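Worksheet: the structure to be examined is printed underneath.
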Amino acid sequence: MQKVYIYKGFERFWHWSQASLIMFLALTGFEVHGSYHIFGFEKAAEFHRTASWLLIGLIIFAIFWHVTTGEWRQYVPTTKQLKAQIMYYLSGMFKGEPHPTEKTHLTKLNPLQRMTYFGFKVVLVPITIISGILYMLYKTIDQNDLIVIEDYPLASIAFWHMLGAILLMIFLVVHVYMTTTGTTPTSNIKAMMTGYEEIEEEEHHHSTEKDNNQKDIV
Ligand code: HEM
């Protein structure tokens, strides 16, 4: 077993605060929707707005970090080894085959994760946030009678926001399942908490050659 440093302090802070905010936004958002009662409608709406500002602030901060450190390159999608990675999750891992790609601080994401997270950042999160901001503006416009737009499309804003929220929840379930597919069921989660991941020695050697290919694109 070898310990490899994968996630830097900022990445760990960002990951867990983003995860907590999204789960809290889901909790309060679905209460606003009327799915259940925990805080009461007024409080839930207020908490939802506060948390959404925190999330927007965090995302701006994270974009700044990724741009200034060059870490954004880790998310550029690639098809190299993509098929091998999909086959691994579909069958290889159940037969005990080694991971087809290696994880280092230079290649923290495998090809499938690059695709998924790219979609997450470029499509899913923007849909939810943009519709959320429009939702917020709608209320202000409506309350203050600033503009009277007969058919300000609230229904479609709510639709996109709900779609984003539901897809985010699906993402969360799949994401948590995928975290159990590391060297041990908890090694990935531990890595996101401590920064260090335990990787099988053999696995490490096995994929060095392939990993070199991956590094080319980083
Ligand atoms: C920056 C991000 C976000 C903003 C600005 C935002 C804003 C809003 C606003 C303004 C509402 C209407 C309720 C109200 O007046 O307070 C709302 C509802 C809701 N939000 Fe968000 N939200 C954001 C992120 C999220 C996330 C990440 C989720 C879930 C994962 C979520 C789930 C919901 C749900 C389920 C509703 C109820 C929708 C409905 O019943 O039509 N929101 N949001």
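Determine the per residue accessible area of the chain with all protein chains present and a 1.4 angstrom probe, expressed in square angstrom.
Ligands and nucleic acids excluded, the figure is 59 Å² per residue.
Give, as a single signed number, the net charge of other residues whose beta carbon lies under 11 Å from the beta carbon of M87, with Lys and Arg counted +1 and Asp and Glu -1.
Combined, the nearby Lys, Arg, Asp and Glu give +1.
Which value, in debye to the nearest 20, gives the size of the charge dipole of the chain about its Cα centre, when Lys and Arg are +1 and Asp and Glu are -1 at the Cβ?
Here the chain has a charge dipole of around 300 debye.
Given only helices, namely DSSP H runs of n ≥ 4 each adding -39500 (n - 2.57), what is the per-residue ellipticity at 222 nm of the chain, to the nearest 500 deg cm²/dmol?
Rounded to the nearest 500, the figure is -21500 deg cm²/dmol.
For the chain, list the DSSP H helices whose alpha carbon atoms reach 30 Å or more along the long axis and whose average Kyte-Doolittle value is -1.0 or above?
Membrane-span-like by this rule: 9-33, 41-69, 154-179.
Round to a whole number: what % of the accessible area of the chain belongs to carbon and sulfur, probe 1.4 Å?
Solvent-exposed carbon and sulfur of the chain make up 68 percent of the total.
Just name one of F41, I56, L163: the one whose Cα is farthest towards the positive end of the charge dipole of the chain (beta-carbon charges, Lys/Arg +1, Asp/Glu -1).
I56
Taking a quarter of the surface of the Cα convex hull of the chain, what do you get in nm²?
Orientation-averaged projected area of the Cα hull: 14.1 nm².
If you take every residue apart from H15 with its C-beta less than 14 Å away from the C-beta of H15, what net charge results, scoring Lys and Arg +1 and Asp and Glu -1?
My count for the surroundings of H15 gives +2.
Past 18 Å, Cα to Cα: identify those pairs from K80/K190; K8/K121; K108/K190; K8/K108; K8/K80, in the order given.
Result: K80/K190; K8/K121; K8/K80 exceed 18 Å.
The values are calculated or read from the model by the stated rules, or taken from the named source; none is laboratory data. It should be emphasised that the depicted structure is a prediction, and the values quoted were computed from it without experimental measurement. Counting neighbours? That spans all protein chains shown, and the Cβs are built from the backbone with ideal geometry, glycine included. Heads up: the accessible areas ignore ligands, DNA and RNA and are worked out on the full protein's heavy atoms, side chains in. Shrake-Rupley method; radii C 1.70, N 1.55, O 1.52, S 1.80 Å.
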